[in-house]
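Below: one structure, written as C-alpha coordinates.
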Amino acid sequence: MLETTIAAIRPADETAMAAARELHGRLTKPAGSLGALEDLSVRLAGLAGACPPPLPEPAAVAIFAGDHGVHAQGVSPWPQEVTAQMIGNFLAGGAVVNAFARQAGASVTVVDVGVATPLSAGPVPHPTVLDAAAPAPAVLDPAVPRLVVASVRRGTRDLAVTAALTRDEALAAVQTGIRIADELIDAGARILLTGDMGIGNTTPAAALIAAFTGVDALDATGRGTGVDDPTYAHKVGVVRAALARHAPDPTDPLGVLAAVGGLEHAALAGLILGAAARRTPVLLDGVIAVSAALAAAAFAPDAVGAMVAGHRSAEPGATVALRHLGLEPLVDLGLRLGEGTGALLALPVVTGAVRVLHEVATFDSAGVAEK
Ligand SMILES: Cc1cc2ncn([C@H]3O[C@H](COP(=O)(O)O)[C@@H](O)[C@H]3O)c2cc1C
Ligand SMILES: O=C(O)c1cccnc1
(Lines give C-alpha, C1' and ligand atoms only; values in the text may rest on other atoms or scores of the structure.)
(Ligands and ions follow the chains in the order given, each with its own letter.)
Protein backbone atom coordinates (compact mmCIF):
# COMPACT_ATOMS: atom_id res chain seq x y z
CA MET A 1 0.00 0.00 0.00
CA LEU A 2 2.84 2.41 0.86
CA GLU A 3 4.64 1.58 -2.39
CA THR A 4 1.56 2.05 -4.57
CA THR A 5 0.80 5.35 -2.79
CA ILE A 6 4.35 6.62 -3.37
CA ALA A 7 4.22 5.50 -7.01
CA ALA A 8 1.00 7.49 -7.53
CA ILE A 9 2.61 10.80 -6.41
CA ARG A 10 3.43 12.84 -9.50
CA PRO A 11 5.16 16.18 -10.15
CA ALA A 12 3.08 19.33 -10.57
CA ASP A 13 1.27 19.87 -13.87
CA GLU A 14 3.21 22.68 -15.60
CA THR A 15 0.42 23.39 -18.11
CA ALA A 16 -2.12 24.06 -15.35
CA MET A 17 0.40 26.24 -13.51
CA ALA A 18 1.08 28.28 -16.64
CA ALA A 19 -2.67 28.70 -17.17
CA ALA A 20 -3.10 29.97 -13.59
CA ARG A 21 -0.25 32.47 -14.00
CA GLU A 22 -1.73 33.68 -17.28
CA LEU A 23 -5.21 34.01 -15.73
CA HIS A 24 -3.80 36.00 -12.79
CA GLY A 25 -2.41 38.47 -15.32
CA ARG A 26 -5.90 39.09 -16.75
CA LEU A 27 -7.85 39.48 -13.47
CA THR A 28 -9.00 42.94 -12.36
CA LYS A 29 -6.10 43.72 -10.02
CA PRO A 30 -2.52 44.85 -10.50
CA ALA A 31 -0.30 41.87 -11.39
CA GLY A 32 1.24 40.33 -8.27
CA SER A 33 -0.97 42.32 -5.90
CA LEU A 34 -2.18 39.20 -4.08
CA GLY A 35 1.36 38.30 -3.10
CA ALA A 36 1.72 34.84 -1.60
CA LEU A 37 -1.90 33.97 -2.55
CA GLU A 38 -0.95 34.08 -6.22
CA ASP A 39 1.92 31.63 -5.77
CA LEU A 40 -0.31 29.40 -3.66
CA SER A 41 -3.11 29.31 -6.24
CA VAL A 42 -0.58 28.49 -8.99
CA ARG A 43 0.83 25.62 -6.87
CA LEU A 44 -2.69 24.29 -6.22
CA ALA A 45 -3.47 24.42 -9.95
CA GLY A 46 -0.30 22.38 -10.55
CA LEU A 47 -1.35 19.88 -7.90
CA ALA A 48 -4.89 19.47 -9.25
CA GLY A 49 -3.77 19.54 -12.89
CA ALA A 50 -6.53 22.06 -13.55
CA CYS A 51 -7.02 25.81 -13.70
CA PRO A 52 -8.83 26.87 -11.65
CA PRO A 53 -8.18 24.10 -9.12
CA PRO A 54 -11.20 22.90 -7.08
CA LEU A 55 -12.25 25.03 -4.11
CA PRO A 56 -10.83 23.40 -0.94
CA GLU A 57 -14.29 22.56 0.43
CA PRO A 58 -15.28 20.65 2.44
CA ALA A 59 -12.26 20.60 4.73
CA ALA A 60 -11.44 17.74 7.09
CA VAL A 61 -9.09 17.81 10.09
CA ALA A 62 -7.47 14.51 11.08
CA ILE A 63 -6.06 14.53 14.62
CA PHE A 64 -3.70 11.59 15.18
CA ALA A 65 -3.14 10.79 18.86
CA GLY A 66 -0.40 8.73 20.47
CA ASP A 67 1.73 8.47 23.58
CA HIS A 68 5.48 8.38 24.01
CA GLY A 69 7.81 6.19 26.01
CA VAL A 70 10.25 9.09 26.18
CA HIS A 71 7.77 10.79 28.51
CA ALA A 72 9.51 8.75 31.26
CA GLN A 73 12.61 10.94 30.77
CA GLY A 74 10.73 13.99 32.10
CA VAL A 75 10.62 15.92 28.78
CA SER A 76 7.10 17.29 29.34
CA PRO A 77 5.60 18.76 32.51
CA TRP A 78 2.19 17.20 31.74
CA PRO A 79 1.02 13.74 32.81
CA GLN A 80 0.60 11.18 30.04
CA GLU A 81 -3.13 10.71 30.82
CA VAL A 82 -3.77 14.17 29.33
CA THR A 83 -3.53 12.62 25.84
CA ALA A 84 -6.55 10.38 26.47
CA GLN A 85 -8.37 13.09 28.41
CA MET A 86 -7.95 15.53 25.52
CA ILE A 87 -9.40 12.93 23.14
CA GLY A 88 -12.50 12.98 25.33
CA ASN A 89 -12.45 16.75 25.08
CA PHE A 90 -12.10 16.66 21.24
CA LEU A 91 -15.03 14.25 20.99
CA ALA A 92 -17.12 16.41 23.29
CA GLY A 93 -16.31 19.45 21.14
CA GLY A 94 -14.54 21.37 23.91
CA ALA A 95 -10.98 21.88 22.65
CA VAL A 96 -9.51 24.86 20.79
CA VAL A 97 -9.39 22.77 17.62
CA ASN A 98 -13.17 22.22 17.88
CA ALA A 99 -13.85 25.95 18.23
CA PHE A 100 -11.72 26.72 15.18
CA ALA A 101 -13.16 23.79 13.20
CA ARG A 102 -16.72 24.99 13.86
CA GLN A 103 -15.69 28.46 12.68
CA ALA A 104 -14.17 27.01 9.50
CA GLY A 105 -16.96 24.46 8.90
CA ALA A 106 -14.43 21.62 8.98
CA SER A 107 -15.11 18.08 10.18
CA VAL A 108 -12.92 16.59 12.94
CA THR A 109 -11.72 12.99 12.87
CA VAL A 110 -9.71 11.81 15.88
CA VAL A 111 -7.56 8.75 15.23
CA ASP A 112 -6.11 6.77 18.14
CA VAL A 113 -2.90 5.37 16.66
CA GLY A 114 -1.33 4.58 20.00
CA VAL A 115 -2.72 6.20 23.14
CA ALA A 116 -1.44 4.59 26.38
CA THR A 117 -4.41 5.30 28.67
CA PRO A 118 -7.75 3.52 27.99
CA LEU A 119 -9.99 6.10 26.36
CA SER A 120 -13.07 5.15 28.38
CA ALA A 121 -11.20 6.27 31.53
CA GLY A 122 -11.47 9.93 30.50
CA PRO A 123 -13.64 12.37 32.48
CA VAL A 124 -15.59 13.41 29.37
CA PRO A 125 -16.92 10.14 27.97
CA HIS A 126 -18.26 10.29 24.46
CA PRO A 127 -20.89 7.98 22.97
CA THR A 128 -18.47 6.65 20.36
CA VAL A 129 -15.94 5.81 23.08
CA LEU A 130 -18.24 4.04 25.49
CA ASP A 131 -21.14 2.85 23.42
CA ALA A 132 -20.14 0.79 20.42
CA ALA A 133 -23.83 0.50 19.49
CA ALA A 134 -24.24 4.29 19.06
CA PRO A 135 -24.66 5.32 15.41
CA ALA A 136 -21.33 6.35 13.91
CA PRO A 137 -21.18 10.03 12.93
CA ALA A 138 -21.01 10.75 9.21
CA VAL A 139 -17.41 10.97 7.99
CA LEU A 140 -17.53 14.68 7.13
CA ASP A 141 -20.18 15.94 9.58
CA PRO A 142 -18.80 19.29 10.77
CA ALA A 143 -21.03 19.16 13.87
CA VAL A 144 -20.03 15.76 15.28
CA PRO A 145 -16.37 14.81 15.92
CA ARG A 146 -15.62 11.19 15.09
CA LEU A 147 -13.26 8.66 16.68
CA VAL A 148 -11.38 6.03 14.72
CA VAL A 149 -9.53 3.46 16.82
CA ALA A 150 -6.48 2.17 14.94
CA SER A 151 -4.07 1.64 17.80
CA VAL A 152 -0.75 0.08 16.81
CA ARG A 153 0.48 -0.21 20.42
CA ARG A 154 -0.25 1.63 23.67
CA GLY A 155 2.45 4.27 23.25
CA THR A 156 5.95 4.04 21.79
CA ARG A 157 9.00 2.64 23.56
CA ASP A 158 11.42 5.11 25.15
CA LEU A 159 13.64 6.40 22.33
CA ALA A 160 16.28 7.33 24.91
CA VAL A 161 16.71 3.61 25.62
CA THR A 162 15.72 1.72 22.45
CA ALA A 163 14.02 2.22 19.09
CA ALA A 164 10.60 3.83 19.64
CA LEU A 165 8.92 1.43 17.19
CA THR A 166 9.71 -1.58 15.05
CA ARG A 167 9.68 -0.95 11.32
CA ASP A 168 6.44 -2.94 11.10
CA GLU A 169 4.79 -0.76 13.77
CA ALA A 170 5.92 2.43 12.02
CA LEU A 171 4.64 1.05 8.71
CA ALA A 172 1.27 0.17 10.27
CA ALA A 173 0.87 3.77 11.46
CA VAL A 174 1.91 5.19 8.06
CA GLN A 175 -0.66 2.94 6.38
CA THR A 176 -3.35 4.10 8.80
CA GLY A 177 -2.60 7.67 7.76
CA ILE A 178 -2.92 6.72 4.08
CA ARG A 179 -6.21 4.92 4.80
CA ILE A 180 -7.63 7.95 6.62
CA ALA A 181 -6.63 10.24 3.73
CA ASP A 182 -8.40 7.94 1.28
CA GLU A 183 -11.49 7.67 3.48
CA LEU A 184 -11.82 11.45 3.92
CA ILE A 185 -11.23 12.17 0.22
CA ASP A 186 -13.66 9.40 -0.80
CA ALA A 187 -16.24 11.04 1.48
CA GLY A 188 -15.77 14.30 -0.43
CA ALA A 189 -13.05 16.25 1.42
CA ARG A 190 -11.15 18.58 -0.93
CA ILE A 191 -8.46 19.58 1.58
CA LEU A 192 -7.03 17.70 4.57
CA LEU A 193 -5.70 19.45 7.67
CA THR A 194 -3.17 17.83 10.00
CA GLY A 195 -3.78 17.61 13.74
CA ASP A 196 -1.92 15.91 16.60
CA MET A 197 -2.31 15.08 20.25
CA GLY A 198 0.32 13.32 22.33
CA ILE A 199 1.94 14.47 25.54
CA GLY A 200 5.70 14.50 24.92
CA ASN A 201 5.40 14.54 21.13
CA THR A 202 7.56 17.64 20.59
CA THR A 203 10.59 15.53 21.63
CA PRO A 204 10.29 12.96 18.79
CA ALA A 205 9.35 15.86 16.47
CA ALA A 206 12.66 17.56 17.32
CA ALA A 207 14.58 14.31 16.80
CA LEU A 208 12.92 13.77 13.40
CA ILE A 209 13.74 17.33 12.32
CA ALA A 210 17.39 16.97 13.35
CA ALA A 211 17.61 13.57 11.65
CA PHE A 212 16.11 14.70 8.33
CA THR A 213 17.71 18.17 8.08
CA GLY A 214 21.05 17.53 9.79
CA VAL A 215 20.78 20.51 12.16
CA ASP A 216 22.06 20.24 15.73
CA ALA A 217 19.68 19.00 18.44
CA LEU A 218 19.71 22.48 20.00
CA ASP A 219 18.33 24.11 16.84
CA ALA A 220 15.64 21.47 16.37
CA THR A 221 14.36 21.39 19.96
CA GLY A 222 11.84 23.79 21.50
CA ARG A 223 10.02 24.15 24.79
CA GLY A 224 6.86 22.33 23.72
CA THR A 225 4.07 23.03 26.18
CA GLY A 226 6.51 25.38 27.97
CA VAL A 227 9.27 23.65 29.92
CA ASP A 228 11.60 25.57 32.26
CA ASP A 229 15.32 26.13 31.56
CA PRO A 230 16.68 23.00 33.29
CA THR A 231 14.04 20.79 31.65
CA TYR A 232 14.76 22.37 28.27
CA ALA A 233 18.49 21.65 28.61
CA HIS A 234 17.64 18.07 29.59
CA LYS A 235 15.27 17.73 26.61
CA VAL A 236 18.00 18.88 24.19
CA GLY A 237 20.33 16.32 25.77
CA VAL A 238 17.73 13.55 25.30
CA VAL A 239 17.33 14.44 21.61
CA ARG A 240 21.11 14.66 21.10
CA ALA A 241 21.76 11.32 22.81
CA ALA A 242 18.95 9.62 20.82
CA LEU A 243 20.48 10.80 17.53
CA ALA A 244 23.91 9.55 18.61
CA ARG A 245 22.50 6.21 19.78
CA HIS A 246 20.32 5.44 16.74
CA ALA A 247 22.29 7.29 14.01
CA PRO A 248 19.11 7.40 11.86
CA ASP A 249 19.68 7.37 8.09
CA PRO A 250 17.65 10.22 6.50
CA THR A 251 17.39 8.28 3.23
CA ASP A 252 15.45 5.55 5.12
CA PRO A 253 12.36 7.41 6.37
CA LEU A 254 10.68 4.32 7.82
CA GLY A 255 13.85 3.60 9.79
CA VAL A 256 13.98 7.19 11.08
CA LEU A 257 10.30 7.10 12.13
CA ALA A 258 10.86 3.76 13.89
CA ALA A 259 14.01 4.85 15.71
CA VAL A 260 13.07 8.32 16.98
CA GLY A 261 9.49 9.04 15.84
CA GLY A 262 6.02 8.58 17.21
CA LEU A 263 2.90 6.81 16.03
CA GLU A 264 1.12 10.10 15.31
CA HIS A 265 4.17 11.39 13.40
CA ALA A 266 4.21 8.23 11.26
CA ALA A 267 0.45 8.39 10.65
CA LEU A 268 0.69 12.07 9.68
CA ALA A 269 3.42 11.18 7.16
CA GLY A 270 0.97 8.64 5.74
CA LEU A 271 -1.88 11.17 5.63
CA ILE A 272 0.34 13.56 3.67
CA LEU A 273 1.40 10.84 1.22
CA GLY A 274 -2.20 9.71 0.82
CA ALA A 275 -3.35 13.25 0.07
CA ALA A 276 -0.50 13.80 -2.40
CA ALA A 277 -1.35 10.56 -4.22
CA ARG A 278 -4.93 11.82 -4.62
CA ARG A 279 -3.69 15.28 -5.77
CA THR A 280 -5.46 16.82 -2.78
CA PRO A 281 -3.86 19.64 -0.76
CA VAL A 282 -2.83 18.98 2.83
CA LEU A 283 -2.64 21.98 5.14
CA LEU A 284 0.13 21.51 7.69
CA ASP A 285 -0.19 22.60 11.31
CA GLY A 286 2.80 23.01 13.65
CA VAL A 287 6.03 21.33 14.57
CA ILE A 288 4.65 17.78 14.75
CA ALA A 289 3.10 18.13 11.29
CA VAL A 290 6.21 19.56 9.66
CA SER A 291 8.43 16.87 11.22
CA ALA A 292 6.09 14.30 9.64
CA ALA A 293 6.19 16.26 6.38
CA LEU A 294 9.97 15.77 6.29
CA ALA A 295 9.39 12.01 6.47
CA ALA A 296 6.76 12.22 3.70
CA ALA A 297 9.18 14.20 1.51
CA ALA A 298 11.91 11.61 2.15
CA PHE A 299 9.49 8.88 0.97
CA ALA A 300 8.37 10.89 -2.07
CA PRO A 301 9.98 14.27 -2.89
CA ASP A 302 7.01 15.26 -5.10
CA ALA A 303 4.71 15.04 -2.04
CA VAL A 304 5.90 18.58 -1.21
CA GLY A 305 3.67 19.76 -4.07
CA ALA A 306 0.60 18.81 -2.01
CA MET A 307 1.80 20.55 1.16
CA VAL A 308 0.63 23.99 2.24
CA ALA A 309 2.32 25.37 5.36
CA GLY A 310 -0.52 26.70 7.48
CA HIS A 311 1.45 28.60 10.07
CA ARG A 312 4.83 29.16 11.65
CA SER A 313 4.81 27.46 15.04
CA ALA A 314 6.80 29.16 17.78
CA GLU A 315 8.79 25.92 18.05
CA PRO A 316 12.19 26.65 16.42
CA GLY A 317 12.31 23.24 14.75
CA ALA A 318 9.23 24.13 12.71
CA THR A 319 11.10 26.94 10.95
CA VAL A 320 14.06 24.61 10.31
CA ALA A 321 11.73 22.02 8.75
CA LEU A 322 9.80 24.54 6.63
CA ARG A 323 13.06 25.94 5.25
CA HIS A 324 14.20 22.42 4.37
CA LEU A 325 10.90 21.79 2.56
CA GLY A 326 11.03 25.17 0.80
CA LEU A 327 7.64 26.21 2.21
CA GLU A 328 6.55 29.65 3.45
CA PRO A 329 3.91 29.61 6.19
CA LEU A 330 0.69 31.53 5.59
CA VAL A 331 0.17 32.89 9.09
CA ASP A 332 2.62 33.64 11.88
CA LEU A 333 0.87 34.31 15.18
CA GLY A 334 3.23 32.77 17.72
CA LEU A 335 0.95 29.74 18.20
CA ARG A 336 2.42 26.66 19.92
CA LEU A 337 -0.58 24.47 20.58
CA GLY A 338 -0.88 21.82 17.89
CA GLU A 339 -4.18 19.87 17.51
CA GLY A 340 -4.59 21.40 14.01
CA THR A 341 -5.31 24.91 15.30
CA GLY A 342 -2.76 26.77 13.14
CA ALA A 343 -3.85 24.90 10.02
CA LEU A 344 -7.51 25.81 10.65
CA LEU A 345 -6.68 29.50 11.04
CA ALA A 346 -4.92 29.40 7.65
CA LEU A 347 -7.80 27.64 5.87
CA PRO A 348 -9.67 30.84 4.81
CA VAL A 349 -6.43 32.10 3.24
CA VAL A 350 -6.18 28.96 1.10
CA THR A 351 -9.85 29.16 0.14
CA GLY A 352 -9.44 32.84 -0.76
CA ALA A 353 -6.44 32.10 -2.97
CA VAL A 354 -8.46 29.56 -4.98
CA ARG A 355 -11.71 31.56 -4.99
CA VAL A 356 -9.96 34.41 -6.80
CA LEU A 357 -9.31 32.13 -9.79
CA HIS A 358 -12.99 31.04 -9.80
CA GLU A 359 -14.79 34.32 -9.27
CA VAL A 360 -12.79 37.44 -10.10
CA ALA A 361 -13.60 39.16 -13.39
CA THR A 362 -11.00 39.75 -16.10
CA PHE A 363 -10.21 43.27 -17.40
CA ASP A 364 -11.88 42.19 -20.63
CA SER A 365 -15.12 40.83 -19.15
CA ALA A 366 -15.55 43.71 -16.66
CA GLY A 367 -14.63 46.47 -19.12
CA VAL A 368 -11.86 47.79 -16.85
CA ALA A 369 -9.03 49.62 -18.62
CA GLU A 370 -5.50 48.21 -18.36
CA LYS A 371 -2.46 50.39 -17.63
C1 LIG B 1 -4.04 20.53 27.79
C2 LIG B 1 -3.20 20.35 26.54
C3 LIG B 1 -3.79 20.43 25.29
C4 LIG B 1 -2.99 20.27 24.15
N5 LIG B 1 -3.31 20.32 22.85
C6 LIG B 1 -2.23 20.13 22.15
N7 LIG B 1 -1.17 19.99 22.93
C8 LIG B 1 0.20 19.84 22.44
O9 LIG B 1 1.15 19.67 23.48
C10 LIG B 1 1.74 18.38 23.46
C11 LIG B 1 3.20 18.46 23.12
O12 LIG B 1 3.96 19.20 24.02
P13 LIG B 1 5.02 18.49 24.97
O14 LIG B 1 6.01 17.79 24.07
O15 LIG B 1 5.67 19.62 25.74
O16 LIG B 1 4.27 17.55 25.86
C17 LIG B 1 1.00 17.60 22.42
O18 LIG B 1 -0.03 16.86 23.01
C19 LIG B 1 0.49 18.67 21.51
O20 LIG B 1 -0.53 18.27 20.68
C21 LIG B 1 -1.61 20.07 24.23
C22 LIG B 1 -1.01 19.98 25.47
C23 LIG B 1 -1.79 20.11 26.64
C24 LIG B 1 -1.13 20.01 27.97
O1 LIG C 1 3.87 23.51 16.97
C2 LIG C 1 3.06 22.79 17.53
O3 LIG C 1 2.14 22.23 16.89
C4 LIG C 1 3.17 22.50 19.02
C5 LIG C 1 3.99 23.26 19.81
C6 LIG C 1 4.08 23.00 21.16
C7 LIG C 1 3.32 21.97 21.70
N8 LIG C 1 2.55 21.23 20.92
C9 LIG C 1 2.45 21.49 19.59
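The values are calculated or read from the model by the stated rules, or taken from the named source; none is laboratory data. All of these numbers come straight from a predicted model, not from anything done at the bench. Using ideal geometry, Cβ is built from the backbone for each residue, glycine included, and neighbour counts are taken over all protein chains shown.
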Given (1) part of a loop (DSSP other than H, G, I, E, B); (2) within 13 Å of ligand 1 (Cβ to nearest atom); (3) modelled with pLDDT of 95 or more, number of the condition residue 100 does not satisfy
(1)
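Kindly establish whether residue 146 is away from ligand 2 (no atom under 16 Å from the Cβ), out of contact with any Asp or Glu (no Cβ under 6 Å at 6 or more places or on another chain) and modelled with pLDDT under 95.
Working: away from ligand 2 (no atom under 16 Å from the Cβ): yes; out of contact with any Asp or Glu (no Cβ under 6 Å at 6 or more places or on another chain): yes; modelled with pLDDT under 95: yes.
Yes.
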Where residue 194 falls short, out of the listed (1) of a type outside the set (D, E, K, R); (2) part of a strand (DSSP E or B); (3) away from ligand 2 (no atom under 16 Å from the Cβ):
(3)
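Looking at residue 183, is it part of a helix (DSSP H, G or I), within 15 Å of ligand 2 (Cβ to nearest atom) and either touching a residue at least 40 places away in the same chain (Cβ under 8 Å) or touching a His at 6+ places or on another chain (Cβ under 9 Å) (or both)? Steps first, please.
Numbers: part of a helix (DSSP H, G or I): yes; within 15 Å of ligand 2 (Cβ to nearest atom): no; either touching a residue at least 40 places away in the same chain (Cβ under 8 Å) or touching a His at 6+ places or on another chain (Cβ under 9 Å) (or both): yes.
Judged against the criteria, residue 183 is not a match.
In this structure, is residue 271 within 12 Å of ligand 2 (Cβ to nearest atom) and among the hydrophobic types (A, V, I, L, M, F, W, C)? First the steps, then the outcome.
Details: within 12 Å of ligand 2 (Cβ to nearest atom): no; among the hydrophobic types (A, V, I, L, M, F, W, C): yes.
Judged against the criteria, residue 271 is not a match.
Are there helices (runs of 4 or more DSSP H) fully within the range 200-307 with at least 3 residues that are within 16 Å of ligand 1 (Cβ to nearest atom) and surrounded by fewer than 24 Cβ atoms within 10 Å (Cβ to Cβ)? List them.
Values: elements: 202-213, 217-220, 229-246, 253-260, 263-277, 287-299.
Filter on the range 200-307 gives 229-246.
Out of 189, 170, I need the residue that is part of a loop (DSSP other than H, G, I, E, B), touching a residue at least 60 places away in the same chain (Cβ under 8 Å) and more than 11 Å from ligand 1 (Cβ to nearest atom). Which one?
On the way: 170 fails: part of a loop (DSSP other than H, G, I, E, B).
Selected residue: 189, the only one of 189, 170 that is part of a loop (DSSP other than H, G, I, E, B), touching a residue at least 60 places away in the same chain (Cβ under 8 Å) and more than 11 Å from ligand 1 (Cβ to nearest atom).
Could you please let me know if residue 116 is of a type in the set (A, V, I, L, M) and in a loop (DSSP other than H, G, I, E, B)?
Numbers: of a type in the set (A, V, I, L, M): yes; in a loop (DSSP other than H, G, I, E, B): yes.
Judged against the criteria, residue 116 is a match.
Each row is one residue, and each column tells you yes or no for (1) buried (at least 22 other Cβ atoms within 10 Å of the Cβ); (2) over 30 Å from residue 158 (Cβ atoms); (3) modelled with pLDDT of 95 or more.
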| position | (1), (2), (3) |
| --- | --- |
| 18 | no, yes, yes |
| 27 | no, yes, yes |
| 35 | no, yes, yes |
| 41 | yes, yes, yes |
| 47 | yes, yes, yes |
| 55 | no, yes, yes |
| 67 | yes, no, yes |
| 73 | no, no, yes |
| 79 | no, no, yes |
Restricting the range 311-351 to residues that are within 9 Å of ligand 2 (Cβ to nearest atom) and of a type in the set (S, T, N, Q), the residue that is farthest from residue 55 (Cα to Cα):
313
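Residues 287, 282, 308: which one is within 16 Å of ligand 2 (Cβ to nearest atom), closer than 16 Å to residue 201 by Cα and within 13 Å of the chain's Cα centre (by Cα)? Even if it seems obvious, please write down each step before you answer.
Details: 282 fails: closer than 16 Å to residue 201 by Cα; 308 fails: closer than 16 Å to residue 201 by Cα.
After ruling out the rest, the residue left standing is 287.
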Starting from the range 8-21, take each residue that is free of Cβ contacts under 8 Å to residues at least 40 places away in the same chain and list its partners that are in a helix (DSSP H, G or I), counting only C-beta distances under 6 angstrom and pairs at least six apart or across chains.
13/46; 16/45; 16/46; 17/42; 17/45; 17/46; 21/42
Any pair with Cβ under 6 angstrom, 6 or more apart, that starts in the range 27-39 at a residue that is closer than 11 Å to residue 360 by Cβ and ends at one that is assigned to a loop (DSSP other than H, G, I, E, B) and modelled with pLDDT of 95 or more:
27/360; 28/361; 28/368
Any residue in the range 124-148 that is closer than 15 Å to residue 59 by Cβ sitting within a Cβ distance under 9 Å of a residue that is assigned to a helix (DSSP H, G or I) and at pLDDT below 75? List the pairs, counting only those 6 or more apart or interchain.
145/128; 146/128
Yes or no: residue 57 part of a helix (DSSP H, G or I) and either more than 16 Å from ligand 2 (Cβ to nearest atom) or on the phi > 0 side of the Ramachandran plot (or both)?
no
Please find, among 318, 366, 343, 353, the residue that is modelled with pLDDT of 95 or more and exposed (fewer than 13 other Cβ atoms within 10 Å of the Cβ).
366
With criteria (1) in contact with an Asp or Glu (Cβ under 9 Å, 6 or more places away or on another chain); (2) within 15 Å of ligand 1 (Cβ to nearest atom), residue 320 comes up short on (2)
Does the range 342-356 contain any residue that is closer than 25 Å to residue 260 by Cβ and either in contact with a Leu (Cβ under 7 Å, 6 or more places away or on another chain) or not charged (D, E, K, R) (or both)?
yes
Select, from 236, 256, the only residue that is farther than 22 Å from residue 334 by Cα, modelled with pLDDT of 95 or more, of a type outside the set (Gly, Ala, Ser) and touching a Leu at 6+ places or on another chain (Cβ under 9 Å).
256
